[in-house]
Protein chains: 2
Amino acid sequence: MAPRISEEAKEEKRLALLDAALECFSQKGYYASSVDDIVRYSNLSKGSVYNYFDSKEDIFISLLQHQTKTSLERLNKVLREIESPLEKLKYWINLDIPFNLHKKKMMRVHIEFWMYSSDSPDVKKVLTDRFDTVLGIVKDIIAEGIEAGEFKKDVDPEKAAGMFWALHDGLWLHTLVRFDEKQLEERIKEIETTMLAYLT
Amino acid sequence: MAPRISEEAKEEKRLALLDAALECFSQKGYYASSVDDIVRYSNLSKGSVYNYFDSKEDIFISLLQHQTKTSLERLNKVLREIESPLEKLKYWINLDIPFNLHKKKMMRVHIEFWMYSSDSPDVKKVLTDRFDTVLGIVKDIIAEGIEAGEFKKDVDPEKAAGMFWALHDGLWLHTLVRFDEKQLEERIKEIETTMLAYLT
DNA sequence: TTATAAAAACTGACTGGATAGTTTATATAA
DNA sequence: TTATATAAACTATCCAGTCAGTTTTTATAA
């Protein structure tokens, strides 16, 4: 007759489940995390989970889509507010400072997505689209910067964007495995000086 | 079907099993690979596998140790034969050219090791040691290069080594997910020019 | 206002299938 | 003969997904 909870409350629970999933997947990876683990991190029962998602894989893919959507939206919003390409890049580089645990979880689960993508065309599609979008944004910023005279004319936007992003992801990979927050921040500052020296 | 085989033959079988494991783990990851999968890729039976290894995890960790040992040995051997630090770095950068499938598998399973390391102190230990060793080698080469006057004096060997290695791993991560062999090779050449320009 | 009906949402014990690891019977080189 | 490598069958465990029963909320008739 009438829904017991409102649409917003429902969406909230869905998000809470995705949050619990992020916690699990970022700690133990996709396969090692059981649905019972996710249930333990949420305030719901196992049965309820299946009111919100079709399967464990559905939770995983939904988490990927949610992360992709929100992070791109936030990024675009902020970049639109910055005028200078140089400042945009600086902002982006410093996005990862200060280090926080949530970012670490996001990055950990993101690599989990990548590893899983060889099994799932759906995941692969979302990830390659996201990859190309991000790379496209960096490339455009660099191209703008060249046009505006802020960056060197002989820089290839495509290649520079690829380097920038590889450096970013490599740094994060190392942070997950070896570095602590302080070291990450030092290294990010080093990227800033080096990349900007390379571009300007 | 052949009792009393020599030690060499035994070691050969062990290596063949590690090879089968590399195949599986690089394709599907640790958890998604079953022992039966590994058996299928080897010429042995399941029961036999347990004559060589204690468990699936033991296979995984043995693969990590084997890879670590052989790759570091090979690297050190070659680097010892090169005099100039600049040439050493150039050689290293081009180690990944030409692209080949075996390297891709190695890199894929290496990331699998990294992801697994949060669960296993043993894996973590081997990986951090390996990481520090590799980074130490790069750092030493750069320091030598500075002393020999081949590199700029104001370069910080520690930081430069960190950047170099982050770039390397980031690039490979992207190659696993998005790029093809041709793109990897182009990007590696780009690293060469940029890194060497940064150092000299 | 209140009793009842109906729908939605939740629960957790259970099941079927998968698979890590073990045992056993057989084959064979030494 | 005998030690052991092997294959195949076996066992125990785990876990994704199900479902029958319960609780909560809303609607509405009296």
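The values are calculated or read from the model by the stated rules, or taken from the named source; none is laboratory data. Only a predicted model underlies this, so the values are computations on that prediction, with no experimental measurement involved. Counting neighbours? That spans all protein chains shown, and the Cβs are built from the backbone with ideal geometry, glycine included. Just the protein is used for accessible areas: all its heavy atoms, side chains included, with ligands, DNA and RNA removed. Shrake-Rupley method; radii C 1.70, N 1.55, O 1.52, S 1.80 Å.
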Residue under evaluation B:Ile142, criteria (1) touching a Pro at 6+ places or on another chain (Cβ under 7 Å); (2) away from chain A (no Cβ under 14 Å), criterion not met:
(2)
Do you know which residues across region A:39-49 are near DNA strand D (Cβ under 8 Å from one of its atoms) and closer than 27 Å to B:Met115 by Cβ?
A:Lys46, A:Val49
For region B:170-190, how many residues are at pLDDT below 85 and of a type in the set (A, V, I, L, M)?
0
Taking region B:186-200 and the residues there that are more than 10 Å from every other protein chain (Cβ to nearest Cβ) and either open to solvent by less than 10 Å² (accessible area, probe 1.4 Å) or of a type outside the set (A, V, I, L, M) (or both), the one that is nearest to A:Arg187 (Cα to Cα) would be B:Leu199
Going through region A:13-37 in order, the residues found to be more than 14 Å from DNA strand C (Cβ to nearest atom) and away from every other protein chain (no Cβ under 14 Å) are A:Leu18, A:Asp19, A:Ala21, A:Leu22
Pairs where the first residue, in region A:17-38, is on the phi > 0 side of the Ramachandran plot and the second is open to solvent by 10 Å² or more (accessible area, probe 1.4 Å), C-beta under 6 Å, 6+ apart
A:Gly29/A:Glu112; A:Gly29/B:Met115
Residue among B:Glu112, B:Glu83 that is open to solvent by 40 Å² or more (accessible area, probe 1.4 Å) and either assigned to a helix (DSSP H, G or I) or more than 14 Å from every other protein chain (Cβ to nearest Cβ) (or both)
B:Glu83
Tell me which of these B:Val78 doesn't satisfy, since it passes every other one: (1) in a helix (DSSP H, G or I); (2) in contact (Cβ under 8 Å) with a residue 40 or more places away in the chain; (3) of a type in the set (A, V, I, L, M).
(2)
Looking at A:Lys182, is it more than 19 Å from A:Leu22 (Cα to Cα) and of a type outside the set (Gly, Ala, Ser)?
yes
Please go through region B:38-55 and give me each residue that is more than 11 Å from DNA strand C (Cβ to nearest atom) and not in a helix (DSSP H, G or I), ordered by number.
B:Ser42, B:Asn43, B:Leu44
So, of the residues in region A:56-69 that are open to solvent by 40 Å² or more (accessible area, probe 1.4 Å) and over 17 Å from A:Lys13 (Cα atoms), which turns out to be farthest from DNA strand C (Cβ to nearest atom)?
A:Lys69
Quick one: in region B:145-185, of everything that is outside any helix (DSSP H, G or I) and within 9 Å of another protein chain (Cβ to nearest Cβ), which residue is most open to solvent (accessible area, probe 1.4 Å)?
B:Arg178
So A:Val138 ticks every box in (1) over 13 Å from A:Ile93 (Cα atoms); (2) touching a Phe, Trp or Tyr at 6+ places or on another chain (Cβ under 6 Å) but one. Which box is left unticked?
(1)
Anything in region A:90-109 that is at pLDDT 90 or above, in contact with a helix residue (DSSP H, G or I) (Cβ under 6 Å, 6 or more places away or on another chain) and away from chain B (no Cβ under 14 Å)? List them, or say none.
none
